[in-house]
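Here is the structure we will look at, set down as structure tokens.
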Amino acid sequence: MNTPTDLTYYTSVDSPLGPLLLTADASGVLTSLSMPGQKGGATVQDGWRHDPGPFRSAGEQLAAYFAAELKEFRLPLRGDGTEFRERVWAAVDSVPYGATTTYGEIAARVGASRMAVRAVGGAIGANPLLILRPCHRVIGADGSLTGYAAGLERKVRLLTLEGSFPAPL
């Protein structure tokens, strides 16, 4: 049985990319945002409590984002990961709306060697907070749209919404 501290709340929010599954911990901090068919995305588990209440602000901000009226989310987020993943995710969080960066640039920001670009890609691919943590803004060094856990079509749609597709070389 869930104790109050390990309780997970969830809800679904409609979006132009399909229904978004949001989860939060007992304190209301968002812990994941997943899309249908997403590689490694969250799915509703036994014991989770459906309650749209903790997600009102997230729903409002996502609606404003998809209406091109919001450029920066102001929501409490927590993605559980290793120290390395946390550093990579913090670097991804710093990529502004309408901009793109490369996996190599993220590696340099976190002090990782050029050889660590694959590990950076793995950390970005494990991002549990799609859209909110803008991993869609990370592209290949040659400007190619490589990898996105929710599919490249959705990555293109997000970058187009933000005015950064086609991505500058």
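So which of ARG56, ARG78 is at pLDDT 95 or above, of a type in the set (D, E, K, R) and out of contact with any Cys (no Cβ under 8 Å at 6 or more places or on another chain)? Walk me through how you get there before you give the answer.
On the way: ARG78 fails: at pLDDT 95 or above.
Testing whether each residue is at pLDDT 95 or above, of a type in the set (D, E, K, R) and out of contact with any Cys (no Cβ under 8 Å at 6 or more places or on another chain) leaves just ARG56.
Give THR31, THR43 a once-over and let me know the one that is touching a Lys or Arg at 6+ places or on another chain (Cβ under 6 Å) and under 16 Å from LEU129 (Cα atoms). Steps first, answer last, please.
Numbers: THR43 fails: touching a Lys or Arg at 6+ places or on another chain (Cβ under 6 Å).
Being touching a Lys or Arg at 6+ places or on another chain (Cβ under 6 Å) and under 16 Å from LEU129 (Cα atoms) holds for just one of THR31, THR43, which is THR31.
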*Scan (1) under 19 Å from ASP93 (Cα atoms); (2) open to solvent by 20 Å² or more (accessible area, probe 1.4 Å); (3) part of a helix (DSSP H, G or I); (4) not hydroxyl-bearing (Ser, Thr, Tyr) for the single condition GLU153 breaks and write down its number.*
(1)
*Filtered residues of the range 97-120 (kept if in a helix (DSSP H, G or I), under 23 Å from GLU162 (Cβ atoms) and either in contact with a helix residue (DSSP H, G or I) (Cβ under 7 Å, 6 or more places away or on another chain) or open to solvent by less than 70 Å² (accessible area, probe 1.4 Å) (or both))*: TYR103, GLY104, ILE106, ALA107, ARG109, VAL120
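Condition check: buried (at least 17 other Cβ atoms within 10 Å of the Cβ), in contact (Cβ under 8 Å) with a residue 40 or more places away in the chain and in contact with a Gly (Cβ under 7 Å, 6 or more places away or on another chain). Does PRO134 satisfy that? Spell out how you get there, then give the answer.
Numbers: buried (at least 17 other Cβ atoms within 10 Å of the Cβ): yes; in contact (Cβ under 8 Å) with a residue 40 or more places away in the chain: yes; in contact with a Gly (Cβ under 7 Å, 6 or more places away or on another chain): no.
So PRO134 fails the test.
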_the range 32-58 - residue that is open to solvent by less than 30 Å² (accessible area, probe 1.4 Å) and part of a strand (DSSP E or B) and, of those, nearest to ALA150 (Cα to Cα)_ = SER34
*Could you pull out the residue among LEU132, LEU159 that is assigned to a helix (DSSP H, G or I) and either hydrophobic (A, V, I, L, M, F, W, C) or in contact with a Cys (Cβ under 9 Å, 6 or more places away or on another chain) (or both)?*
LEU159
*asked:* Out of everything in the range 59-96 that is closer than 14 Å to VAL138 by Cβ and in a loop (DSSP other than H, G, I, E, B), what residue ends up being least open to solvent (accessible area, probe 1.4 Å)?
replied: VAL95
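The values are calculated or read from the model by the stated rules, or taken from the named source; none is laboratory data. Since we're looking at a predicted model, the values are computed, not measured. Virtual Cβ from ideal backbone geometry, glycine too; neighbours counted across all protein chains shown. The accessibility values were calculated without ligands, DNA or RNA, using every heavy atom of the protein model including side chains. Shrake-Rupley method; radii C 1.70, N 1.55, O 1.52, S 1.80 Å.
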